[in-house]
Structures are given as C-alpha cells and as structure tokens.
Amino acid sequence: MKLVKLFKALGDETRIRIINLLRHGELCVCEIESILEINQSNASRHLSKLINVGLIKNYKKAQYVYYSLDISIVENHLFINQLIKDEFVKEYRLIEDIEKLKDYKKSNITCDDIKNGRVCSKLKKA
C-alpha cells in the first residue's frame with residue numbers, strides 16, 4: 001500500500017527535518033547535509049526514501065542535485081499539509097533547523113563554497 005510507505009517515510013526524524021527544510025524552497029544535497037549536520041551517505045539514503053514515496057522531487061544542475069517538496073502530494077494528502085503547517089512549527093528541533101537555514105541563506109555561501117570546506121559560522125558545531 002502506498003499509504004503505508006508514506007507513513008513509514010514520515011516516521012523518521014531526519015526525513016521530517018528534510019521535509020521541514022524543503023517546505024521553504026529547493027536545496028542542494030550539500031546544503032541539506034550542512035544545515036542538518038549529516039553526512040552524504042545518510043542524506044542520500046533519506047532523500048531516496050522521500051523520492052520513492054513521492055514526497056520530494058529532484059533535478060540535476062551541473063554537478064549538483066537539487067531537491068524540493070512535491071506540492072502535488074501535499075495537495076492530495078491533506079493530513080501532510082496539516083502536519084507541515086500546524087505541527088512542524090511546534091517542534092524545537094525543526095524550528096532550530098529553520099533558523100540555521102535562514103542563517104545559511106543570509107551568508108551567501110554557495111554549493112561550491114561548501115564543497116571547498118567553507119561553512120557558515122552559525123552552522124558550525126559548537
């Protein structure tokens with residue numbers, strides 16, 4: 001059942017955190033890794049699961065892969081829309097991730113910068 005797979009995909013903290021970031025716009029995989037402080041392997045595994053259930057979509061531009069929330073699944077499953085709008089804003093970790101995303105966007109750091117080891121100072125681990 002597709003619905004069971006969807007619930008399983010939503011049953012993981014990292015995948016919820018990824019969806020939370022992508023609801024604010026598309027991101028490259030390296031940006032997701034940097035903001036969530038996860039490694040490439042972990043990010044790819046979670047992103048693949050989200051793609052497989054149709055929650056997110058991706059496209060490649062040069063050497064980078066960009067991800068975005070698939071709005072059609074949110075529109076077709078109102079409980080997902082409700083979850084994102086009402087519940088994500090109550091979770092401290094998700095709020096913290098959005099603050100990191102805002103700091104990242106303000107920093108004007110690019111994927112090339114991340115690839116070369118430059119990271120927004122507010123994203124570095126304490």
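All of the numbers you see were taken from the coordinates with simple rules; none came from a lab. Remember, it's a predicted structure, so these values are computed and weren't measured experimentally. Neighbour counts run over all protein chains shown; Cβ positions are idealised from the backbone, glycine included.
Once the convex hull of the C-alpha atoms of the chain is built, how many Å³ does it hold per residue, rounded to a whole number?
106 Å³
Can you tell me the length gained on complete extension of the stretch residue 4 to residue 102, counting 0.36 nm per residue apart and subtracting the Cα distance?
That pair, residue 4 and residue 102, stretches by 32.0 nm at full extension.
PRE reach from residue 65 (point 7 Å along Cα→Cβ): which of region 1-23 fall under 19 Å by backbone N?
Under 19 Å, as judged by backbone N against the label point of residue 65, lie 9-10, 14-23 of region 1-23.
What does the extension gain come out to for residue 92 and residue 77, with contour length at 0.36 nm per residue minus their alpha carbon separation?
The residue 92-residue 77 span can extend by a further 2.9 nm.
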